[in-house]
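K.L.:
For reference, the structure I am asking about is given below.
Nothing in this text is a laboratory measurement; each read-out follows from the coordinates by a stated rule. Remember, predicted model here, so these are calculated numbers, not experimental data. Counting neighbours? That spans all protein chains shown, and the Cβs are built from the backbone with ideal geometry, glycine included.
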Amino acid sequence: MNNAEIRLAILNRLMFTKSIFYSELQKVTENHDLFNYHLKELVTKKLVEKNKSTYSLTESGRQQVALMEEDGKYQKQIKVGMFINLFRKEKGKWQMLLYKRLKHPHFGLIGTVTGKLRWGDSLHDNLCRELDEELGVVPTKYEIIGTAREIFRNNEGEKVGDGVFFIFYVSEWTGTPNEKSIEGEYFWHDIDSILNLDNIFREGFESGIPHMKQYLEDRENFSPYVVENGEDKLGF
């Protein structure tokens, strides 16, 4: 076992017990010198604590193992974010504010404003922060109209990302949206012709636009929706 594997083995063993004697804990490896070194390091980092003759996880340690699978390996974390859709009516037609990305990943692709959820912040606070940073506006009326699960793949078909996104509809705001920021370029476009554009997040728009149009045309009878990789999964 290498150094990382020994640390994980200690944490994994402690994950399944309230407390454990040293003689039992050291059985995770035959290299007792390295075991003692890494156990001491975990105690120093306050992930493990010694209680007289036994060892157990600290609160920080319990939070750490919450990210681990039962086999001791760390699980990849799902991104939690927002798709933020601003709409306006111009000459009798609904328009959506689109966003051409000027950063990686997906440099140059056209989508809607997106943002990550920050730990501990409310959905409202996250929405306000993102719109202020990217567009320089403050939302005054909005709804969450759906949720999307997206698994991202590279050109070889390998999974490279996984996320769950709250879909916001923003109908009123104060301020004038920026036309450009460090994040990208922003422009209004008729919702009926978005699919005619090149370099768009096509799968997302193909699944999302019908729901958007249904919401805009009949809000009273609209039901929030859940999609996974562009396919409807659940209705509320």
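K.L.:
Which residue, Leu67, Leu98, Leu135, has the most motion in a Gaussian network model of the chain that connects Cα atoms within less than 10 Å?
P.N.:
Highest fluctuation among the options: Leu67.
K.L.:
Working from the pairwise distances between different alpha carbons, so that the mean of 1/r is found and then inverted, what is the stretch 97-156's Kirkwood radius in Å?
P.N.:
Across the stretch 97-156, the inverse of the average 1/r is 13.6 Å.
K.L.:
Let me test this: with uniform point scatterers at the alpha carbons of the stretch 3-65, what is the Debye-based log₁₀ I(q)/I(0) at q = 0.15, 0.21, 0.22, 0.26 1/Å?
P.N.:
Debye curve over Cα of the stretch 3-65, log10 I(q)/I(0) at q = 0.15, 0.21, 0.22, 0.26 Å⁻¹: -0.36, -0.74, -0.82, -1.20.
K.L.:
Name the longest site-free stretch of the chain, where the excluded sites are GluC sites (Glu not before Pro) in a DSSP loop with no more than 13 other beta-carbon atoms within 10 Å.
P.N.:
Details: sites that count: Glu30, Glu69, Glu70, Glu156, Glu158, Glu179.
Longest site-free region, per DSSP loop and neighbour criteria: 71-155.
K.L.:
Relative to the longest principal Cα axis of the chain, at what angle does helix 3-15 sit, 0 to 90 degrees, rounded to 10?
P.N.:
90
K.L.:
Next question, about the same structure. Where does helix 202-217 land angle-wise versus the long Cα axis of the chain, in degrees 0 to 90, nearest 10?
P.N.:
60
K.L.:
So what's the gap between the Cα centers of the stretch 8-51 and the stretch 76-118, to the nearest angstrom?
P.N.:
When both Cα centres are located, 46 Å separates them.
K.L.:
A further question on this structure: Under 10 °C and 1.306 mPa s, how fast does the stretch 1-131 diffuse according to Stokes-Einstein, given a Kirkwood radius computed over C-alpha pairs? Answer in µm²/s, whole number. Each step should come with its number before you reach the end.
P.N.:
Values: Rh = 18.7 Å.
Here the translational diffusion coefficient equals 85 µm²/s.
K.L.:
While we're looking at this one, here's another question. Please report the net charge: other residues with Cβ closer than 11 Å to the Cβ of Gln64, K and R +1, D and E -1.
P.N.:
Its environment carries a net charge of +3.
K.L.:
Along the principal axes of its C-alpha atoms, what lengths does the stretch 79-235 span, in descending order and rounded to whole Å?
P.N.:
Ordered largest first, the stretch 79-235 gives principal extents of 43, 37, 36 Å.
K.L.:
Same structure again: May I ask which of Lys46/Lys116; Lys93/Lys213; Lys18/Lys76; Lys103/Lys141 have a Cα-Cα span longer than 23 Å here?
P.N.:
Those over the limit are Lys46/Lys116; Lys18/Lys76; Lys103/Lys141.
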